[in-house]
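Report on the following structure.
The values are calculated or read from the model by the stated rules, or taken from the named source; none is laboratory data. All values reported here derive from a predicted model rather than from experimental measurement. Heads up, the Cβs are rebuilt from the backbone with ideal geometry, glycines too, and the neighbour counts pull from every protein chain shown. Keep in mind that these areas ignore ligands, DNA and RNA; they rest on the heavy atoms of the full protein, side chains included. Shrake-Rupley method; radii C 1.70, N 1.55, O 1.52, S 1.80 Å.
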Amino acid sequence: MAPTPPRNTTTRVHVVSDVHGNARDLARAGEGADALICLGDLVLFLDYADHSRGIFPDLFGVANADRIVALRTARRFDEAREFGARLWAGVDGDRRELIERAVRKQYAELFAAFPTPTYATYGNVDVPPLWSEYAGPGTTVLDGQRVEIGGRVFGFVGGGLRTAMNTPYEISDEAYAAKIEAVGEVDVLCTHIPPQVPELVYDTVARRFERGSLALLDAIRRTRPRYALFGHVHQPLARRMRIGATECVNVGHFASTGRPWALEW
């Protein structure tokens with residue numbers, strides 16, 4: 001009798017971040033993987049590469065999207081806020097209701113595209129209170145929590161830190177640090193924002209430093225996970241680097257690439 005072939009115990013996980021409305025590619029992102037991990041920013045409010053896409057141009061037109069992108073890129077945030085306020089003043093209907101309706105439409109399409117199983121955490125432009133309405137039984141939402149996948153422990157921390165952009169899920173440094181502490185020691189630390197390292201937080205196209213987390217950097221140095229995975233910075237100066245024993249990886253701007261980052265063990 002022929003010997004029984006050895007059991008294949010390889011686990012493959014695909015990781016995406018900064019989906020920003022790309023439901024078409026999201027529906028294929030889990031192909032060939034045992035699980036999909038999503039590090040947030042599902043919503044597309046304004047596409048800085050294509051100003052015709054997103055909630056903002058749908059409401060106010062491409063010319064106004066061009067203007068507000070130019071102001072924000074020049075870091076003229078007060079002028080951008082004043083410009084936005086003038087636009088909203090001319091809109092019929094409640095601002096919150098209009099935005100929530102648009103976000104709900106995107107979430108319905110995006111959550112339907114998630115494969116089973118998916119493990120997801122929030123990005124800074126996401127609206128956490130709505131996720132429970134759209135996450136199906138195959139999607140596990142984690143924030144300041146851990147889960148085991150293929151024998152390895154993954155920790156998840158969502159959201160971003162407070163900035164002049166004032167995006168929906170920005171929290172205080174103290175609240176963020178508490179979530180990092182709650183996760184503790186893990187094999188793979190999954191966050192939306194990167195650790196506060198200049199090469200990882202500088203966006204070469206926007207020509208600005210995004211906010212990373214010092215608490216996350218400290219946790220990487222102390223707890224030494226195998227990997228620290230994140231997104232948030234769309235065109236980073238460095239996509240990966242080693243911090244001590246930890247391989248830090250920006251998994252990519254999924255909205256533009258349509259390709260997941262793969263982790264296999």
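Entry note, the chain: the mean residue ellipticity at 222 nm calculated from DSSP H runs of n ≥ 4, each adding -39500 (n - 2.57), is -9500 deg cm²/dmol after division by the residues and rounding to the nearest 500. Under the convention that each Lys and Arg Cβ holds +1 and each Asp and Glu Cβ holds -1, the size of the dipole of the chain around its Cα centre is about 540 debye. If every alpha-carbon in region 14-98 counts as one equal scatterer, what log10 I(q)/I(0) does Debye give at q = 0.15, 0.19, 0.22 1/Å? Debye curve over Cα of region 14-98, log10 I(q)/I(0) at q = 0.15, 0.19, 0.22 Å⁻¹: -0.67, -0.89, -1.05. Of the solvent-accessible surface of the chain, computed with a 1.4 Å probe and all protein chains present, 48% belongs to carbon and sulfur.
The equivalent ellipsoid that matches the C-alpha gyration tensor of region 69-161 spans semi-axes of 33, 18, 10 angstrom, in descending order. Near residue 208: Cβ cut-off under 13 Å, other residues only, Lys/Arg at +1 and Asp/Glu at -1. The net charge is +3.
In this rough spin-label picture, where each label sits 7 Å from Cα along the Cβ direction, the residue 95-residue 208 distance is 1.8 nm. Considering only 48, 17, 62, the residue lying farthest towards the positive end of the dipole of region 1-105 is 17, judged by Cα position with unit charges set on Cβ. Helix 77-89 versus the longest principal axis of the chain: what is the Cα-based angle in degrees, 0 to 90, to the nearest 10? The angle comes out near 70 degrees. Using alpha-carbon positions, what is the distance between the centroids of region 82-149 and region 225-248, in Å? Each part reduced to its Cα centre gives a spacing of 25 Å. Each Lys and Arg Cβ is given +1 and each Asp and Glu Cβ -1; about its Cα centre, region 1-145 then shows a dipole of about 180 debye.
Near residue 249, once Lys and Arg are set to +1 and Asp and Glu to -1 for all other residues with Cβ below 9 Å from its Cβ, the sum equals +1. Charge tally around residue 74: other residues with Cβ under 13 Å, Lys/Arg +1 each, Asp/Glu -1 each, net +3. Modelled spin labels at residue 259 and residue 162, positioned 7 Å past Cα toward Cβ, are 4.0 nm from each other. Taking the Cα centre of region 129-260 as reference, the dipole from Cβ charges on Lys and Arg (+1) and Asp and Glu (-1) amounts to some 460 debye.
Could you quote the convex hull projected area for region 76-220, Cα atoms only and averaged over all directions, in nm²?
Mean projected area for region 76-220: 10.6 nm², to one decimal.
Using a cutoff of 8 angstrom between alpha carbon atoms and counting only pairs six or more residues apart, the relative contact order for region 127-265 works out to 18 percent.
Each Cα pair under 8 Å and six or more residues apart adds its sequence gap; the mean of these over the residue count of the chain is a relative contact order of 22 percent.
Extents of the chain, largest first, come to 78, 38, 29 Å (Cα atoms, principal axes, whole angstrom).
With semi-axes defined as the square roots of five times the eigenvalues of the C-alpha gyration tensor, the equivalent ellipsoid of region 133-177 measures 25, 15, 7 Å, largest first. In the chain, a dipole from Cβ-located charges (positive for Lys and Arg, negative for Asp and Glu) runs towards its positive end, and of 87, 202, 184 it is 202 whose Cα lies farthest in that direction.
Looking at the chain, the accessible area is 49 square angstrom per residue; that uses a 1.4 Å probe and ignores ligands, DNA and RNA.
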